[in-house]
1. With A:Leu49, A:Leu63 as the choices, which residue is assigned to a loop (DSSP other than H, G, I, E, B), hydrophobic (A, V, I, L, M, F, W, C) and more than 9 Å from every other protein chain (Cβ to nearest Cβ)?
2. May I ask you to list the residues in segment A:235-261 that are assigned to a helix (DSSP H, G or I) and closer than 19 Å to B:Arg75 by Cα?
3. Is at least one residue of segment B:62-82 within 14 Å of another protein chain (Cβ to nearest Cβ), within 15 Å of B:Ile109 (Cβ to Cβ) and in contact with a strand residue (DSSP E or B) (Cβ under 7 Å, 6 or more places away or on another chain)?
4. Out of segment A:279-290, which residues are within 7 Å of chain B (Cβ to nearest Cβ), surrounded by fewer than 20 Cβ atoms within 10 Å (Cβ to Cβ) and either aromatic (Phe, Trp, Tyr) or part of a helix (DSSP H, G or I) (or both)?
5. Go through the residues of segment A:109-129 one by one and say whether even a single one is more than 30 Å from B:Trp128 (Cα to Cα), in contact with a strand residue (DSSP E or B) (Cβ under 7 Å, 6 or more places away or on another chain) and either buried (at least 24 other Cβ atoms within 10 Å of the Cβ) or within 14 Å of another protein chain (Cβ to nearest Cβ) (or both).
6. Any idea which residue in segment A:19-31 is surrounded by the fewest Cβ atoms within 10 Å (Cβ to Cβ), counting only those that are in contact with a helix residue (DSSP H, G or I) (Cβ under 8 Å, 6 or more places away or on another chain) and of a type outside the set (Gly, Ala, Ser)?
7. Pairs needed: first member in segment B:28-48, charged (D, E, K, R); second member anywhere, assigned to a helix (DSSP H, G or I) and surrounded by 11 or more Cβ atoms within 10 Å (Cβ to Cβ); C-beta distance under 7 Å; at least 6 residues apart or different chains.
8. Report yes if some residue within segment A:201-214 is within 13 Å of chain B (Cβ to nearest Cβ), out of contact with any Pro (no Cβ under 8 Å at 6 or more places or on another chain), of a type outside the set (A, V, I, L, M) and not in a loop (DSSP other than H, G, I, E, B); otherwise report no.
Amino acid sequence: MYRYSEFDKDFVNHRVRQFRQQVERRIDGSLTEDEFKPLRLMNGLYLQLHAYMLRVAIPYGTLSSRQMRQLAWIADRWDKGYGHFTTRQNIQYNWPKLRDVPDILDALADVEMHAIQTSGNCVRNITADHFAGAAADEILDPRPTAELLRQWSTDHPEFAYLPRKFKIAITGSPADRAVTKAHDIGLRLLRNEVGEIGYEVVVGGGLGRTPMIGKVIREFLPEQDLLPYVESILQVYNALGRRDNKYKARVKITVHEHGIDTIRNLVEERFKVQRKQFGGADQQMLCEIKAAFTEPNYINASTEAFNLTLSSDLTFRAFVETNLHPHKNPDYSIVTISLKAHGETPGDATSQQMRVVANLAEQFGHDELRVSHEQNLILPHVHKKDIPEVYFALRKVGLATANVGLVSDIIACPGMDYCSLATARSIPIAQQIATRMDELKLEHDIGPLKIKISGCINACGHHHVGHIGILGLDRAGVENYQITIGGDGTETARLGDRAGPGLSVDELIPALERVVDTYLQIRKDKSETFLETYLRIGMEPFKEALYPEGNRPTRRRHAAL
Amino acid sequence: MTTIVNDNGFSLDDWGPEILDWSSVDTSAIDPGVAIDVPNTLESEDLASILDQVALIRIPFPTHVDGRGFTLARRLRLLGYKGRLRAFGHILADQYAKARRCGFDEVEIHDELAKRQPESQWSLGDDWRRLDYQERLRHQWC
């Protein structure tokens, strides 16, 4: 893992002192509330529905056990004993006091962490494939690039006051687990025909009220050209992006309004100049960063214990089926720890759970952890012989739910329970769906099915790319849930299709149950996933399931009167 | 009234001659040593042919969250502009380092802001150069 250089340490410490002063200058009136706002946002501090919220970056989703323990300690010391892992590889504390925030930032700096640029109209936390450095299908580890981008984007003088926020994600595998095509810039590491390293660069993806799949702006960008090229994209965006309407300010709209070809030409034009600004210092840095991401010191041992437990314990077998992913070392597995226990808040972890996970990472996981945009935790390197022990330890603290990738592994935004933008609840909906699906005992039979829920049009819950997407809106003071079907956030990304009119909270769960039932009836066989069935047959049977008798819900209500 | 902020601290504007509005400038017949107010939406290339004749360029910051001026300043420096470059408007003490790093020499603020954010709050002298990731990743751009 990358460790902070003296420079990184000095920078982060200085930044905390600076923020401490900014808080004081807000209080003494040097800064107006309006002036203070972007400064606090760029240090991760939001004003939410009930209180301040502090969003802490977990750059490219990588954590050590020491860092995880510190997150647990912060949750106990300054919050309510838990944290919420988000869809952008951050952790949020929902109840900090403004006066405590500089102390929290100090505690983060002690373990080489920060909350810098987790909000504001700047380049946000760089996210990456959560199986980075471990997945069997990985071509190249995306984390060194992500760390280089972290350093480059941190406090960038030109790009701290952009038209709108700017998100970059990177993957190094053909299977896209980082939703790169729904980011402002998506990068895919690859090799060209002569074996040189480079990136496919996608620009203008994003969800929100105008969802767009990103477009390829450069098919192969040589590795050494990354920073000047990304800088050129941001220059074009900073100058051209709309500032008259915040809902039209993201780069996806800039690309949409000007066309990808115009944007590409402008970027290439800028790039000719920008390229001369980088004379190799960045590549030297990348080289040093790469050297920090070494492979773990693999254990050579028999995997017999794993096989024995697998044949003797049914619950362990269920866990293995869903929560394990192939590791590049065949004696190892990637273990996903579901933060989606049926009926619990998706993405929440208590301080006790965080400590258990930290201990397991230290004891059995080469001291490494990851957090995923799907709001789960990951032990990326576990020798198979140790997986039974890890499983039983997780089970004791309610962390062994065998549902990764299944219908109850739901992404949900905080919704009306916390967020001031929300128009409907999402957490209770996720809890109800998960509880019901658990009662039906069908989810292992249903197989891979991603439900994603957003409590407002801003789409933090990624509903557009859910196999089933749920968008909670407010219709004259009543919560109303719109359904999309067929979304996909992977390398075959597509936006879900609107099924029809929204449903009331009471209609929603039975309707989803009917959709799932329909899938089970019409799939070719168990190997055809929900998404595949939908793409083969289309909306019609699912529409009938959602709106039986061919009636729209509003008309049915009238009929009932 | 306005205050000029540069690395030496606060001062009054020492620029005597009139600053011309960009809309009144004829780029084919320009007087050497001229000062120009340009909009922050200007394409930097539009100034390319006259950059060696201009002595001062002033770029507006209508609000502290409008960062277009940072990119424009940097583009002008990359195109070879060597004259004085001034940011004018709503620039906070907290943004001075960014302005300097993008190539501005100085910042012009209204006296009300200068009163609220006195000289001691600005990272003047060499302070704005400290702890700059960009410095580590690239050659100097100016």
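The values are calculated or read from the model by the stated rules, or taken from the named source; none is laboratory data. The shown structure was predicted, so the numbers you read here are calculated from the model rather than taken from an experiment. Here Cβ is always computed from backbone atoms with ideal geometry, including for glycine, and neighbour counts include all displayed protein chains.
1. Values: A:Leu63 fails: assigned to a loop (DSSP other than H, G, I, E, B).
Going through A:Leu49, A:Leu63 in turn, the sole match is A:Leu49.
2. First pass over segment A:235-261, keeping only residues assigned to a helix (DSSP H, G or I): A:235-240, A:246-248, A:251-258, A:260-261.
Passing the criteria: A:Gln235, A:Val236, A:Tyr237, A:Asn238, A:Ala239, A:Leu240.
3. Taking every residue of segment B:62-82 in turn, at least one turns out to be within 14 Å of another protein chain (Cβ to nearest Cβ), within 15 Å of B:Ile109 (Cβ to Cβ) and in contact with a strand residue (DSSP E or B) (Cβ under 7 Å, 6 or more places away or on another chain).
4. Looking only at segment A:279-290, we keep the residues that are within 7 Å of chain B (Cβ to nearest Cβ), and these are A:279, A:281-282, A:285.
Filter once more, keeping what is surrounded by fewer than 20 Cβ atoms within 10 Å (Cβ to Cβ): A:279, A:281.
Hit for segment A:279-290 is A:Ala281, nothing else.
5. Residues of segment A:109-129 more than 30 Å from B:Trp128 (Cα to Cα): A:128-129.
Still in the list and also in contact with a strand residue (DSSP E or B) (Cβ under 7 Å, 6 or more places away or on another chain): A:128-129.
Filter once more, so that each one left must be either buried (at least 24 other Cβ atoms within 10 Å of the Cβ) or within 14 Å of another protein chain (Cβ to nearest Cβ) (or both): A:128-129.
Yes, there is a match, as at least one residue in segment A:109-129 is more than 30 Å from B:Trp128 (Cα to Cα), in contact with a strand residue (DSSP E or B) (Cβ under 7 Å, 6 or more places away or on another chain) and either buried (at least 24 other Cβ atoms within 10 Å of the Cβ) or within 14 Å of another protein chain (Cβ to nearest Cβ) (or both).
6. Keep residues of segment A:19-31 that are in contact with a helix residue (DSSP H, G or I) (Cβ under 8 Å, 6 or more places away or on another chain), which gives A:19-20, A:22-23, A:25-26, A:29-31.
Remaining after also requiring of a type outside the set (Gly, Ala, Ser): A:19-20, A:22-23, A:25-26, A:31.
Working: A:Phe19: 22, A:Arg20: 15, A:Gln22: 22, A:Val23: 19, A:Arg25: 20, A:Arg26: 18, A:Leu31: 25.
The residue in question is A:Arg20.
7. Cβ pairs passing all conditions: B:Asp37/B:Trp22.
8. First pass over segment A:201-214, keeping only residues within 13 Å of chain B (Cβ to nearest Cβ): none.
Scanning segment A:201-214 turns up no residue that is within 13 Å of chain B (Cβ to nearest Cβ), out of contact with any Pro (no Cβ under 8 Å at 6 or more places or on another chain), of a type outside the set (A, V, I, L, M) and not in a loop (DSSP other than H, G, I, E, B).
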